[in-house]
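Right, one structure below, let's go through it.
Nothing in this text is a laboratory measurement; each read-out follows from the coordinates by a stated rule. No experiment lies behind these values; they were computed from the predicted model shown. Cβ: placed from backbone, ideal geometry, glycine included. Neighbour counts: every protein chain shown.
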Amino acid sequence: MKITRLYTGDDGQSHFEDIEIPLQDHGDIGQLSEIYGVKGVIFRENPGDYHYQWHNAPCRQYIVMLEGSLDVEIGDGSRRIFKPGEILLAEDTTGQGHFSRAVNRQPRKSLFIPLNPET
């Protein structure tokens, strides 16, 4: 399963990386990943005028887009739009951080899933 990782590089800047979550065949129930330890789940809604200037992820966390889209910009000007069904692994807890904004002034619903420190 492909997801996008947002992390801080040695240069102190945030970077995007496409990664693959390995899945194993489990027969009739489909393919499953290993179990990842998480702290819990945060349900989040953002209005269509959401515009959050430079910030870091508060912790390592998965962000799962449910409705609406998220535009993320990093220090070199690169931007990615995350749409419903896509997953972002936010790990840029240090450095310059990233910029987040709503897309097309549409509200967004998402799940934030903070990872345990040892995960």
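Here are the numbers:
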quantity: Fraction of antiparallel bridges per DSSP, the chain only, in percent to nearest 5; calculated: 90
quantity: Whole-number D in µm² s⁻¹ for segment 3-119, Kirkwood Cα-pair radius fed into Stokes-Einstein, 25 °C, 0.890 mPa s; calculated: 164
quantity: Segment K109-E67, length gained on full extension (0.36 nm per residue, minus Cα span); calculated: 14.6 nm
quantity: C59-R79 pseudo-label distance in nm [points 7 Å out on the Cα-to-Cβ vector]; calculated: 3.1
quantity: Dipole magnitude (debye, nearest 20) for the chain, charges at Cβ of Lys, Arg, Asp, Glu; calculated: 540
